[in-house]
Amino acid sequence: MNDQGTPVSADGFRVVAVDADWPESRQFMGGGDNQVTGDIHVCLWFGSASCDPQVEHVMVLSASSGNAKADEALEDALEDYCHPGEGPPASLPVPEPITITAEGKPVTFELWRNSSNPYWVARGRVENTEVVLSGSGTEPSELRLVRVNDLAAYSAPIAFLPVREAISAAMGSDLQTAGPSRQLQVEEADTTLRALRDIAARGAALGGPGRELHGEEADTVMRALRHLAQEAGPAGEWGAES
């Protein structure tokens with residue numbers, strides 16, 4: 001925050017995404033909005049609904065200028081690029097330049113491609129946003145990137161909804177004007193989590209987690225769990241914050 005207590009904003013930051021022609025699932029995988037430093041980062045997944053890295057996919061990490069998350073994301077991606085589980089080599093091979101279309105303009109990225117591994121990693125900058133791309137099964141030079149300021153179109157588990165909306169708001173998207181369904185979704189998520197916390201607290205006070213639930217309390221838990229399950233992925237996957 002500044003001296004007046006006003007949250008700092010990441011000047012010019014916009015989330016970078018694969019354009020709307022992408023045929024598979026589009027998911028919000030995590031992010032962060034630090035109002036003290038102004039740092040923002042967002043991780044988006046474009047691929048199978050189950051987030052299977054073995055099939056065609058692209059992951060896009062967007063970070064505000066100077067944000068250390070871009071370096072961390074590059075290191076993590078390069079571990080998979082080398083060989084999963086082996087960690088990055090002592091010195092990375094020299095990347096090759098590659099041109100990717102972003103906002104309708106050619107942008108030069110650094111590309112790491114391994115001949116023994118279909119996985120690739122690329123890093124570049126789209127205006128004031130640092131971008132780390134990783135994927136397999138698709139040719140990075142054929143990607144068309146766009147910048148967005150509203151993440152409503154990207155599915156997210158309940159636990160990630162507050163972060164998704166906070167980042168959209170930080171980029172200028174107004175939750176109230178984006179439609180009542182989004183506002184209702186956030187309110188339902190908050191209600192569900194509050195109900196579970198309240199029941200857990202009462203359970204601890206009245207006999208611990210082994211206490212059996214009955215009647216309306218049991219019905220409330222079941223409704224909450226069904227609601228949470230609907231927001232989870234096909235295999236119960238909730239994604240991981242980057």
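The values are calculated or read from the model by the stated rules, or taken from the named source; none is laboratory data. Model, not experiment: these values are computed from the prediction. When we count neighbours, we look across all protein chains shown, and the Cβ atoms used for this are built from the backbone with ideal geometry, even at glycine.
The set of residues in the range 111-121 that are surrounded by 16 or more Cβ atoms within 10 Å (Cβ to Cβ) and either of a type in the set (S, T, N, Q) or within 14 Å of P93 (Cα to Cα) (or both) comprises L111, W112, R113, W120, V121.
Pairing each residue of the range 136-149 that is over 15 Å from F13 (Cα atoms) with any residue that is aromatic (F, W, Y) and at pLDDT 95 or above, provided the two are 6+ apart or on different chains, yields C-beta distances under 8 Å for P140/F109.
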